[in-house]
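Nothing in this text is a laboratory measurement; each read-out follows from the coordinates by a stated rule. Bear in mind that the values here come from a model prediction, so they are computed numbers and not experimental data. Neighbour counts are summed over all protein chains in view; Cβ atoms, including those assigned to glycine, are modelled from backbone coordinates with ideal geometry.
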Amino acid sequence: MKRRIAFFDFDGTITTKDTLLEIIKYQKGTFRFYLGFLLYSPYIILWKLGIIPNYTAKQKIVNFFFGKMPVDEFQRRCDAFATEILPALLRPKAIQEIKRLQDVGAEVVIVSASPGNWSDVWRKQLGIQSLATRLQIKDQQLTGCFDGKNCHGKEKVTRIKEVYDLSAYDEIYCYGDSSGDKQMLQLATISFYKPFR
């Protein structure tokens, strides 16, 4: 029997929206959401212009909204988001593909630049593994920093190879929708770019 594994980007591939933005709105409210992005718009502009890397802008935003937040409270709200909001953001065709792959015995792994905190409840119900950006915790609070590198671009490849011996698989499927997924897509024997739109 063939060994199969499938790596899925999350935001934009499985979901219709960037879930980091949605979790901020959910936890902090619309007013604070727009205020935060107004204050940090210079970093976003510099990132869009290619002057600073995306993780610098992203970490500034994460720090503003979640720095010093008790981790238990943060996770409780993330779990509620996964139940109340996330299902409506999922692309039906992506879910169908995940289930199809699982039916033929493939391991399915989400490889995401978004922390897994707000998708864990959902993915565990489906038996999906996760490699994602991690949030640093100190004294039971979020520091506002990442624990290690942002899981984006070549870091996705690094994370995959740290955990999985790809030579052990007959078929490697990769699904992505942005430039941050291109290195991961190159690992595949069968790759899909923006497949569910």
- Counting only residues 5 or more apart in sequence or on a different chain, those whose built amide H sits under 5 Å from that of Cys145 are Gln136
- region 134-168 versus region 15-37: alpha-carbon centroid distance in Å: 22
- Measuring from label point to label point, each 7 Å out along Cα→Cβ, what is the Ala88 to Val104 span in nm? 3.4
- Roughly how tilted is helix 71-84, in degrees to the nearest 10 and between 0 and 90, from the longest Cα axis of the chain? 60
- Item | Calculated log₁₀ intensity ratio I(q)/I(0) where the Debye formula runs over C-alpha points of region 4-193, q = 0.07, 0.09 Å⁻¹ | -0.20, -0.33
- Query: Under 24 Å Cα-Cα from Lys154, which lysines qualify once same-chain neighbours fewer than 8 residues away are excluded?
  - Reply: Lys17, Lys48, Lys58, Lys60, Lys182, Lys194
- Query: Tell me, what is the percent relative contact order of region 4-193, built from C-alpha pairs under 8 Å that lie six or more residues apart?
  - Reply: 29
- Taking 0.36 nm per intervening residue step and subtracting the Cα-Cα distance, what contour gain separates Glu171 from Asp72 on full extension? 31.7 nm
- Can you tell me how much longer the chain between Gln129 and Arg32 gets when fully stretched, taken as 0.36 nm per residue apart minus their C-alpha distance, in nm with one decimal? 31.7 nm
- Mind checking the angle between helix 19-28 and the chain's longest principal axis? C-alpha axes, 0 to 90 degrees, to the nearest 10. 40
- Message: Run lengths n ≥ 4 of DSSP H only: what is the helix-derived mean residue ellipticity at 222 nm for the chain, with -39500 (n - 2.57) per run over all residues, to the nearest 500?
- Response: -13500 deg cm²/dmol
- Message: Using the Cα centre of the chain as the reference point, and only Cβ charges (+1 on K/R, -1 on D/E), how large is the resulting charge dipole? Debye, rounded to the nearest 20.
- Response: 380
